[in-house]
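The values are calculated or read from the model by the stated rules, or taken from the named source; none is laboratory data. Bear in mind the structure is a predicted one, so any value in this text is a computation, not a measurement. Virtual Cβ from ideal backbone geometry, glycine too; neighbours counted across all protein chains shown.
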Amino acid sequence: MEKTQLIQAIQTLKQEKDAIILAHYYTDGAIQEAADYIGDSYYLSKIAKEAKQQLIVFCGVRFMGESAKILSPHKKVLMPDKEADCPMAHMVTLEQIKEVRKQHEDVAVVCYINSTAEIKALSDVCVTSSNALKIVRNIEASHIYFIPDENLGQYVEQYVPEKTFIFNKGFCPIHKSMNKALVLEAKAQYPEAEILIHPECTPDVVALGDYVGSTSGIIEYATKSTSQQFIVCTEIGIEYALQKNNPDKVFHFVGDMRACGSMKCVTLETLYNALKDEQYEITLDEAIMKKAEHALLEMHRLAD
Ligand code: 13P
Ligand code: SF4
């Protein structure tokens, strides 16, 4: 099928089945065009929970689909590509959490939403890049075990000096590749440009940012700013929303690892097949879901 036919077929199936399509800012522009809601991890987790539709097609990576399922266990959640997984979600183990809990009495396990359902089930609260700072400030425990992303954890730590942080060595390969030398090179080339950074970048890169925040934060900042040029340190999919909201502004991306392969797994074809054949459904162990739900609901409670 051609692109326009595929888009039409997706819309027809969506209406017939009363489905809702959610897409993260890192997915391909064509997917964002086809979606009912586009957003960052936090926003999409709320939309998935509040949606009246019983069929959700999540265009993103597995932890996003799992979070939607955990928050709405009675809904059917589909992922267009079953291989779309975030490597960072697997960079911490259940044993590590158990060990830290054994060693520290007054510790809160703060889990980035980029994690598996099993890891969420052992955590006290989830966070995303848009709410991590607010949530950690609201936690009573004196020690924070921040998993799996060390970079986001270190970004939060600098604003919460009253707490002791314990880190884990997880990272996003895409954001890690956007290193300091590349950012400085881009700044030398475009000295007028403001630097916009996602906190999954390493601390030396974060320190260069005129703005540091989540994908939706970056889009909001660029849209409000009077600057005409920006150096953007995050996944390339965000370019679609940045350019749509700011057709006259120029966005420069850094490095040659700008695209997250897992996010780009979702295509119009796989989205169409997902709706047609109702595949690939997220299924999770009931007990794990119940425990993981607590950490996600705590996030919504502390962030709102
Ligand atoms: P946010 O959209 O919450 O900024 O998340 C970034 C990300 O890496 C999702 O995989
Ligand atoms: Fe995971 Fe990084 Fe891809 Fe986000 S961009 S899904 S953190 S690998």
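Screening His175 against (1) buried (at least 19 other Cβ atoms within 10 Å of the Cβ); (2) out of contact with any Cys (no Cβ under 7 Å at 6 or more places or on another chain); (3) within 24 Å of Lys46 (Cβ to Cβ) leaves a single unmet condition, (2).
Residues in segment 101-122 that are in a loop (DSSP other than H, G, I, E, B) and in contact with a His (Cβ under 7 Å, 6 or more places away or on another chain): His104, Asp106, Thr116.
When you scan segment 232-245, do you find a residue that is surrounded by 17 or more Cβ atoms within 10 Å (Cβ to Cβ), modelled with pLDDT of 95 or more and more than 16 Å from ligand 1 (Cβ to nearest atom), even just one? Taking every residue of segment 232-245 in turn, none turns out to be surrounded by 17 or more Cβ atoms within 10 Å (Cβ to Cβ), modelled with pLDDT of 95 or more and more than 16 Å from ligand 1 (Cβ to nearest atom). What are the residues in segment 125-152 that are under 21 Å from Glu105 (Cα atoms) and under 15 Å from the mean Cα position of the chain (by Cα), if any? Passing the criteria: Cys126, Ile147, Pro148. A single entry from Ala274, Ala259, Ala292, Ala287 fulfils the requirement of being closer than 23 Å to Lys82 by Cα and either outside any helix (DSSP H, G or I) or polar (S, T, N, Q) (or both): Ala259.
Restricting segment 19-71 to residues that are under 16 Å from Ile219 (Cβ atoms) and polar (S, T, N, Q), the residue that is farthest from the chain's Cα centre (by Cα) is Gln32.
For Asp85, the conditions (1) within 16 Å of ligand 1 (Cβ to nearest atom); (2) crowded, with 21+ Cβ neighbours inside 10 Å; (3) of a type outside the set (Phe, Trp, Tyr) all hold with the exception of (2). Look at segment 210-225: where a residue is part of a helix (DSSP H, G or I) and a partner is β-branched (Val, Ile, Thr) and at pLDDT 95 or above, sitting 6+ places away or on another chain with Cβ atoms under 6 Å, you get Thr215/Ile238. Among the residues making up segment 265-291, a single one is of a type in the set (Gly, Ala, Ser) and within 15 Å of His74 (Cα to Cα): Ala287.
Applying the criterion of at least 2 residues that are free of Cβ contacts under 8 Å to residues at least 24 places away in the same chain to the helices (runs of 4 or more DSSP H) found wholly in segment 165-209 leaves 180-189.
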